[in-house]
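All remarks here apply to the structure that follows.
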Amino acid sequence: MVRRSRLEIYFDILAVVNKGIDKPTRIMYKTNLSWMVLQDIFITLIDSGFIKEETKMNTKRYYVTDKGKNALSYHLKSMDGLSKVEEIYSK
């Protein structure tokens, strides 16, 4: 089993929240993280302005900001470019 880097975990969370999954427990399950790790990463992503937290009737919801969407878009484009480079060199 290969461990994910912290950066990969950030982008996994951004991707899941961007798909519309906004409840913390659902995000935790989809990204396969423990509750404590998820809370730590939420703090970092919120403080950096990549996601925002909203509390309505005692429940928290998370949403990707424009900054988060831009970062996710650039990440996906770079990963696509890297996979194309890998295809070229694996021939």
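When you look at residue 70, is it of a type in the set (S, T, N, Q) and either under 21 Å from residue 28 (Cβ atoms) or loosely packed, with under 11 Cβ neighbours inside 10 Å (or both), yes or no?
In short, no.
Taking the range 1-22 only, how many residues are in a loop (DSSP other than H, G, I, E, B), exposed (fewer than 13 other Cβ atoms within 10 Å of the Cβ) and of a type outside the set (Val, Ile, Thr)?
So the answer is 5.
State which residue pairs qualify: first residue on the phi > 0 side of the Ramachandran plot and of a type outside the set (S, T, N, Q) and inside the range 54-77, second residue surrounded by 12 or more Cβ atoms within 10 Å (Cβ to Cβ) and in a helix (DSSP H, G or I) in any location, beta carbons under 8 Å apart, and separation of 6 or more residues or different chains.
Within 8 Å, no pair qualifies.
Each reported figure results from applying straightforward, stated rules to the coordinates on display, with no laboratory input. Predicted model only: the values in this text are computed from it and were never measured. Reconstructed Cβ throughout: ideal geometry from the backbone, glycine too, with neighbour counts over all protein chains shown.
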